[in-house]
1. Exactly one condition in (1) over 16 Å from the mean Cα position of the chain (by Cα); (2) within 21 Å of ILE54 (Cβ to Cβ) is false for ALA220; which is it?
2. Please pick out the residue among GLN13, GLN56 that is within 14 Å of the chain's Cα centre (by Cα), without any contact (Cβ under 8 Å) to a residue 60 or more places away in the chain and on the phi > 0 side of the Ramachandran plot.
3. Would you kindly identify the strands (runs of 3 or more DSSP E) lying entirely within the range 1-101 that contain at least 1 residues that are charged (D, E, K, R) and over 19 Å from ILE154 (Cβ atoms)?
4. Is there a residue being in contact (Cβ under 8 Å) with a residue 60 or more places away in the chain, among the aromatic types (Phe, Trp, Tyr) and either under 30 Å from VAL192 (Cβ atoms) or in contact with a Gly (Cβ under 8 Å, 6 or more places away or on another chain) (or both) anywhere in the range 122-145?
5. Kindly indicate the residue of the range 95-149 that is under 23 Å from THR171 (Cα atoms) and β-branched (Val, Ile, Thr) and also nearest to the chain's Cα centre (by Cα) among those meeting that condition.
6. Taking the options LEU102, LEU51, name whichever one is under 22 Å from ARG144 (Cβ atoms) and surrounded by fewer than 22 Cβ atoms within 10 Å (Cβ to Cβ).
7. Could you please give the count of residues in the range 114-138 that are closer than 21 Å to ASP89 by Cβ and crowded, with 17+ Cβ neighbours inside 10 Å?
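The values are calculated or read from the model by the stated rules, or taken from the named source; none is laboratory data. Just so we're clear, the structure is a prediction, and the values are computed from it rather than from any experiment. Every residue, glycine as well, gets a Cβ built from its backbone with ideal geometry; the counts of neighbours run over all protein chains shown.
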Amino acid sequence: MPSDTEPLVAIQQLTKRFGSVTAVWKVEFQIQAGDFWVVLGPNGAGKSTLLRMIAQLTRPSEGSVKFGGVEGSRDRVGYVSHQSLLYGDLTGLENLVFFARLYQHPDPEGRARSLLEQMHLEHALNRSVRGYSSGMKQRLTLARALLHEPQLLILDEPYAGLDQHGSRLLTEVLLKLRDQRRTVLMITHNLVEGLALSSHVMIMNHGQAVFRAARSEIDAATFESLYFQTVDG
């Protein structure tokens with residue numbers, strides 16, 4: 001565990017090249033326990049590549065990601081991407097129990113039921129996931145990522161494809177996680193939701209972190225204008 005002065009996660013000079021293309025260039029910042037970082041930016045800015053490096057799913061060309069001063073700590077991360085990894089023929093409960101057993105949780109069913117309730121899915125725990133709405137699948141995927149109590153939860157565009165009802169329920173869940181002082185790093189294109197949830201904001205453009213600030217330093221009334229000036233400038 002990090003000390004009182006050491007960040008939970010230290011991202012240092014992260015760079016990722018694909019051949020002659022540089023997707024991410026020397027990005028660095030620190031995540032403290034309980035932070036809710038929101039990463040914004042246009043398509044192709046390098047946001048997902050950055051998150052995959054932090055999640056230890058792809059190796060950086062340069063730089064490092066350290067959890068409490070230690071590299072290579074994939075088990076400390078819960079990762080939600082565009083692939084749910086859920087089994088459509090299993091129920092919501094069966095999916096979570098299956099993954100909880102993979103994590104060798106001492107009480108797979110108890111943990112699964114607790115998370116289903118937290119995600120407002122207790123009414124559908126015995127329903128096949130194939131019949132879940134997009135919003136329900138996203139919340140179940142979030143539950144899957146939380147099963148092993150990760151130190152850092154990484155969310156890659158969790159609002160993508162959700163209708164207004166699904167977005168509202170997801171926001172309620174994320175607000176609860178923030179209030180519980182869960183440490184979250186999230187990509188979103190929704191400036192309003194992103195700002196409302198965040199403790200810190202980073203804007204990426206052309207692979208670089210072009211803006212970083214604590215939420216307390218940002219004026220919500222002018223943030224949209226600041227965002228477009230930053231990415232279009």
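1. ALA220 satisfies all of (1) over 16 Å from the mean Cα position of the chain (by Cα); (2) within 21 Å of ILE54 (Cβ to Cβ) except (2).
2. GLN56
3. 9-18, 21-31, 62-67
4. There is no residue in the range 122-145 that is in contact (Cβ under 8 Å) with a residue 60 or more places away in the chain, among the aromatic types (Phe, Trp, Tyr) and either under 30 Å from VAL192 (Cβ atoms) or in contact with a Gly (Cβ under 8 Å, 6 or more places away or on another chain) (or both).
5. THR141
6. LEU102
7. Qualifying residue count for the region: 12.
Listed here are the residues, each with its yes/no results for (1) of a type in the set (Val, Ile, Thr); (2) modelled with pLDDT under 95.
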| position | (1), (2) |
| --- | --- |
| GLN118 | no, yes |
| ASP156 | no, no |
| LEU162 | no, yes |
| GLU172 | no, yes |
| VAL192 | yes, yes |
